[in-house]
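Report on the structure given below.
Any read-out appearing in this document is the output of simple, stated calculations on the displayed coordinates, not a laboratory observation. Note that the structure is predicted; figures quoted are calculated from it, not measured. Every residue, glycine among them, receives a Cβ derived from its backbone with ideal geometry; neighbour counts consider all protein chains shown.
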2 protein chains.
Amino acid sequence: MARAALPRYHVHFESNSRKPRAFQVHESDVKAAVRRHPELAKRLKITVGFDRTMLAQALQSADFMLNSEPPREGLRAMAPKLKWIQTTGAGIDGLLPLDWLPEGVTLTNNSGAHRAKAQDSGAMGVLMLNALIPAVMTAQREKHWHHLFSSPIAGKTALVLGYGDVGAAVGRGARRLGVKVIAVTRSGRPVAGADEVVPVAKLARVIGRADFVIVATPLTPQTHNLLDAAMLDRMKDGAGLMNIGRAPVVDYDALRERLISGKLSGAVLDVFSPEPLPAESPLWTTPNLMVLPHITCDDPRYIEYLLDFWFENFERFLAGKKFRNIVDPVRGY
Amino acid sequence: MARAALPRYHVHFESNSRKPRAFQVHESDVKAAVRRHPELAKRLKITVGFDRTMLAQALQSADFMLNSEPPREGLRAMAPKLKWIQTTGAGIDGLLPLDWLPEGVTLTNNSGAHRAKAQDSGAMGVLMLNALIPAVMTAQREKHWHHLFSSPIAGKTALVLGYGDVGAAVGRGARRLGVKVIAVTRSGRPVAGADEVVPVAKLARVIGRADFVIVATPLTPQTHNLLDAAMLDRMKDGAGLMNIGRAPVVDYDALRERLISGKLSGAVLDVFSPEPLPAESPLWTTPNLMVLPHITCDDPRYIEYLLDFWFENFERFLAGKKFRNIVDPVRGY
């Protein structure tokens, strides 16, 4: 049969056992994925490893690698046949700059897997900020009945910083509630699903119009510390902030001061540096601040979606099509 | 002019200064309402009082009274001309049974003023329960990074107990997120805006299908302790509960046990007995329980809406039409 003569490819799925289980690829996950994609699986030799114990050996013959922390030094020598690296997550800021990526190796990320949860989290975030739930939770810690009123959310304005997969999903979640969404992007070119698009260069001019600011950008040299003290001061008095992008985009010390002073009414933070947030961090007890443990975009079926996405991309490879979710080495996402 | 000959009516607006400001009718609120309804106001003599200091005197000539705590004993003798009592809130359980209501006096409540906020709160409640925010907030109190995953909300099921104005608004908020809504009502007759309607007599049979149970009933002898320990045990393992109706509908001691054991994953409570919740209540520190200080249905513009509603009903009275929001003395809402 002709099929038997088709070349087989070697893919190595590498995980870090110190990461949460939901981000680890186990043999059982791979077997389930193979059952979902039996024809494609026939074209593969699959190895599964943890904590680099067998990584060097696997890379000697691997065509593809799934790995959020690929070895960088001398990668081409270690992996002479490597053509494609898929990361487990959407954010690849830990791998920047991409000068280590060998020529001929494509890097793809898992952007898109977060969509449904990000939409839920965007809606939940603006509703909680509008209802002053961060302040209500601070009052609960103090056993204090703090009767805080808030008006309905419809007609208010959210500014979403970063309108990639996560940002656009957040925007969809907010717009369903009748919230007006200003998307802030690199270029400011029109995007679907926003009431208004503004280039990041004009952020300082528009941030004061928002009742809620939601950070959903990747971390790049351009977004690092973008919401510094001066930018936070330009926010509307009593506005709320949510960060589901990356912690270093916002100056958390400056944010704390503005939550304590009442300049801002509340914050919902889902990202920290480092994570887990250390017990000694003052953020745990900052008034009007909710600490979420990096959960707003994750789903218990995350690895299932990731492997389905991988098989879909492998099918594109076999068909000679371009991979989906290729990371631009210059932009960094 | 003919208009000068039209009869004028006396309305007395009575408030309790111990209630939150948002539920008090002040002279300034009345003046603003008169500016919004100048023609109707010409037909009125208006008095405004607090804490019953001038109530007896006002009632001697009052045709109408706005008052959430009307005097009951000997009311007809005190208020010989009284035709209509409007309450400030939607719930009138504090006035039941209505055997004190003189013949010829209509009681109306403020049901409906809560709609927009209740819709927001319904959406927020199911999103927070789905994302396990009550457990996340308990972890924050302990400075504990508790990496809790949850799947997207679309396709899950909410049971809304009570489908009056507040319950239906809650249901609308949940359905917008792709949540399936089972409405539980007295009769089980079809209602708009629910995927399924079930009579309360069959609650025990359906409660186990819900990922989220939201209590939005008035308090009546029929709803008192409806969610007792046995009913809570029939809920799905890991389900969440929200109460924005009345506290005595749910056995909070039994609920606490089930939050501590993990039978239920979280609770969002907005109503307590008494309110404010005393500092010594164990509810403040119960794990996986969010204490909201009776805020889910309220709006800073509450009195504005209430007075507009009152003027609208007064216009109906002048036109010989039936009042809106008449409380049924038998049903109690």
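Data table
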read-out: Stretchable slack from A:Ser273 to A:Arg209, in nm (0.36 nm times residue separation minus alpha-carbon distance); value: 20.2 nm
read-out: Too-long pairs where the Cα-Cα distance tops 21 Å, listed order kept, from A:Lys19/A:Lys45; A:Lys143/B:Lys263; A:Lys42/A:Lys321; value: A:Lys19/A:Lys45; A:Lys143/B:Lys263
read-out: R0 of 45 Å, Cβ-Cβ distance A:Glu73-A:Asp195: FRET efficiency to nearest 0.05; value: 0.45
read-out: The protein assembly as shown - Rg over Rh from alpha carbon coordinates, Kirkwood radius; value: 1.06
read-out: Subset of A:Lys117/A:Lys322; A:Lys156/A:Lys202; A:Lys117/B:Lys156; B:Lys117/B:Lys236 violating a 24 Å alpha-carbon distance limit; value: A:Lys117/A:Lys322; B:Lys117/B:Lys236
read-out: Cβ charges +1 (Lys, Arg) and -1 (Asp, Glu), total dipole of the stretch A:123-240, debye; value: 220 debye
read-out: Sequence ranges A:320-327, A:194-201, B:318-325, B:8-15, ranked by mean other-Cβ count within 10 angstrom, highest first; value: B:8-15, A:194-201, A:320-327, B:318-325
read-out: Cross-link reach list, aspartates and glutamates versus A:Lys83, counting only Cα pairs under 17 Å and skipping chain neighbours closer than eight places; value: A:Glu14, A:Asp63, A:Glu69, A:Glu73, A:Asp99, A:Glu103, A:Glu312, A:Glu315, A:Asp328
read-out: Simple label model, 7 Å out from Cα along Cβ direction - A:Ser281 to A:Arg234, nm; value: 2.6 nm
read-out: Interchain or long-range residues, amide H under 5 Å from A:Val213's placed H; value: A:Leu159, A:Gly240, A:Leu241, A:Met242
read-out: Zone of B:Glu27's modelled label, taken as backbone nitrogen in the stretch B:295-333 under 18 Å from a point 7 Å along Cα→Cβ; value: none
read-out: Inter-chain shielding of A:125-135 (mean C-beta neighbours from other protein chains, 10 Å cut-off); value: 3
read-out: Mean separation of Cα contacts under 8 Å, 6 or more apart, over the residue count of chain B: relative contact order %; value: 17 percent
read-out: Karplus (6.51, -1.76, 1.60) ³J(HN,Hα), θ = phi - 60°, over the stretch B:218-229, in Hz, Gly and Pro reported as x; value: x, 8, 9, x, 6, 9, 4, 6, 4, 9, 8, 4
read-out: Nm distances between copies for B:Tyr305, ranked from closest, using label points 7 Å along Cα→Cβ; value: 3.5
read-out: The stretch B:44-110: relative contact order in percent, alpha carbon pairs under 8 Å with at least 6 residues between; value: 31 percent
read-out: Only Lys, Arg (+1) and Asp, Glu (-1) charged, at Cβ; the stretch B:212-269 dipole about Cα centre in debye; value: 140 debye
read-out: At 7 Å out from Cα toward Cβ: B:Asp51 inter-copy label distances (nm, ascending); value: 7.0
read-out: Peptide-level mean, for A:279-292, of C-beta atoms on other protein chains within 10 Å; value: 3
read-out: Teacher prompt: B:Pro329 distances to equivalent labels in other copies, 7 Å Cα→Cβ, nm; value: 8.5
read-out: Cα long-axis angle, helix A:115-130 against chain A (0 to 90 degrees, to the nearest 10); value: 10 degrees
read-out: Normalised convex hull volume, the stretch B:169-208, alpha-carbon set, Å³ per residue; value: 64 Å³
read-out: Debye intensity ratio I(q)/I(0), log10, the stretch B:134-234, q values 0.13, 0.21 Å⁻¹ (C-alpha model); value: -0.52, -1.05
read-out: Measure of compaction for chain A (Cα Rg per 2.2 N^0.38 Å); value: 1.09
read-out: Under-5 Å amide H pairs with B:Tyr9, H placed in peptide plane, nonlocal only; value: B:Leu44, B:Lys45
read-out: Hydrodynamic radius by Kirkwood, which averages 1/r over all alpha carbon pairs of the stretch A:37-184, in angstrom; value: 19.1 Å
read-out: Near-label residues of the stretch A:299-333 by backbone N, under 19 Å of a point 7 Å along Cα→Cβ of A:Glu103; value: A:329-330
read-out: Farthest toward positive dipole pole in the stretch A:19-166 [+1 Lys/Arg, -1 Asp/Glu at C-beta], among A:Ala154, A:Leu132, A:Ala22; value: A:Ala22
read-out: The stretch A:115-291: proportion of alpha-carbon pairs further apart than 30 angstrom, %; value: 11 percent
read-out: Charged-residue dipole, Cβ positions (Lys, Arg, Asp, Glu), the protein assembly as shown about Cα centre, Debye nearest 20; value: 1860 debye
read-out: Nonlocal amide H pairs with A:Gly188, under 5 Å, H built at 1.01 Å; value: A:Val200
read-out: FRET E, pair B:Lys263, B:Arg141, Förster distance 22 Å, beta-carbon r, rounded to 0.05; value: 0.55
read-out: Extension gain (nm, one decimal) between B:Ala56 and B:Leu148, 0.36 nm per residue minus Cα-Cα; value: 27.3 nm
read-out: With Cα atoms, 0 to 90° folded angle of helix A:252-261 axis to chain A main axis; value: 20 degrees
read-out: Equivalent ellipsoid, the stretch B:1-124 (semi-axes from 5 times Cα gyration tensor eigenvalues, Å); value: 25, 21, 14
read-out: Cα-based helix-to-principal-axis angle, B:302-318 vs chain B, degrees rounded to 10; value: 50 degrees
read-out: Nitroxide proxy distance, nm - points 7 Å out along Cα→Cβ at B:Ile46 and B:Arg316; value: 2.0 nm
read-out: Karplus 3J(HN,Hα) series, Hz, for the stretch B:202-212 with 6.51 cos²θ - 1.76 cosθ + 1.60 (x for Gly, Pro); value: 9, 3, 4, 6, 9, 4, x, 8, 8, 6, 9
